[in-house]
1. Suppose R0 equals 45 Å; then what is the FRET efficiency for residue B:27 and residue A:116 from their Cβ-Cβ distance, rounded to the nearest 0.05?
2. Have a look at B:27, B:97, B:84 and tell me which one the Gaussian network model of chain B (Cα, springs below 10 Å) gives the largest fluctuation.
3. Using all alpha carbons of segment B:21-81, what is the percent of pairwise distances in each 5 Å bin, ordered from the shortest bin to the longest?
4. Mind grabbing the base-10 log of I(q)/I(0) for chain A at q = 0.20, 0.21 Å⁻¹? Debye formula, identical points on the C-alpha positions, no solvent, two decimal places.
5. Eigenvalues of the Cα gyration tensor times 5, then square-rooted: what semi-axes does that give for the protein assembly as shown, in whole angstrom, largest first?
6. For chain B, compute Rh as the Kirkwood radius over C-alpha pairs and then the Stokes-Einstein diffusion coefficient at 10 °C and 1.306 mPa s; write the answer in µm²/s, rounded to an integer.
7. With contacts defined as alpha carbon pairs under 8 Å and 6 or more residues apart, what's the relative contact order of segment A:43-116 in percent?
8. Could you let me know the centre-to-centre spacing of segment A:54-116 and segment B:59-87, using Cα atoms, in angstrom?
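Nothing in this text is a laboratory measurement; each read-out follows from the coordinates by a stated rule. Quick caveat, the model's predicted, so the values are computed rather than measured. We place every Cβ from the backbone using ideal geometry, glycine too, and count neighbours over all the protein chains shown.
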C-alpha cells in the first residue's frame with residue numbers, strides 16, 4: 001500500500017465554522033506533512049510531524065491546528081478561517097524525514113477548501 | 001531570486017515530441033525530486049535523484065551536481081503527459097524547496 005488518503009475531497013465552510021481535514025497512510029512512514037497550495041503556485045510547507053511530534057511549524061496562523069494522534073494519522077483542525085485560506089491542502093508522508101538521508105515524499109490527492 | 005528555478009514556465013508540444021524541462025538550484029542539496037501534478041489534484045513523485053540519471057518508462061531524469069542543474073525528459077510524449085511538472089530540492093532537514101512548476105500541454 002503506497003497510498004496517502006485524504007478526506008474530505010472538497011470542503012466549503014463559513015468563517016465561523018470549525019472543521020477538520022484528515023490524512024492517513026499505512027506505509028509505516030514516520031514523517032507526515034501538511035502543505036497549502038494556491039492556484040498555479042507550488043505547495044507551501046505548513047507543518048511537519050516526525051515520530052508523532054511537531055518538528056516544523058512554518059509560522060502558520062493559530063487558526064490552523066495540526067494533530068497527530070498516531071503514526072498513521074494526521075489531522076488539520078480549522079477554526080475561524082478567512083477567505084484567503086481557500087486553497088488545496090495537501091498531506092504527504094515520508095519514511096523518516098530526518099536530516100541525514102533523502103526521503104521520497106508521497107502525496108495525497110488533497111482537500112480543496114473554500115472559505116466563504 | 002528563487003532558490004529553485006524551472007524553465008520553461010509553460011510548454012506546448014505535439015504528441016510524439018521529445019520534451020525537456022530544466023531545473024537549476026542555488027542551494028546545497030541532498031536530493032532533487034521531480035513531481036507531477038495533474039489539474040485539480042494530488043502530486044505524484046516521479047524521481048528522486050542525488051547523482052547521475054534515472055529512467056522510468058518514457059521518463060528520464062538527469063542531474064549534474066557540479067552545475068546544480070537537473071533535466072526531466074519525456075520521450076514520445078502523449079496527451080496524458082499534460083500536467084504541471086515540479087522540481088523540488090531537499091534543503092534543510094525535512095523541507096523541500098519547490099520550483100514554480102512547468103505547465104506542459106501535449107496536443108494530439
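1. E(calc), rounded to 0.05, equals 0.70.
2. B:27
3. Percent of pairs per bin, in order: 4, 16, 28, 23, 17, 9, 3, 0.
4. Cα-only, vacuum Debye calculation for chain A: -1.06, -1.16.
5. Values: eigenvalues 176, 84, 48 Å².
For the protein assembly as shown, the semi-axes come out at 30, 21, 15 Å.
6. Details: Rh = 13.8 Å.
Calculated translational D: 115 µm²/s.
7. Values: 103 pairs, mean separation 17.4, N = 74.
RCO, segment A:43-116: 24 percent.
8. Rounded to whole Å, the Cα centres lie 27 Å apart.
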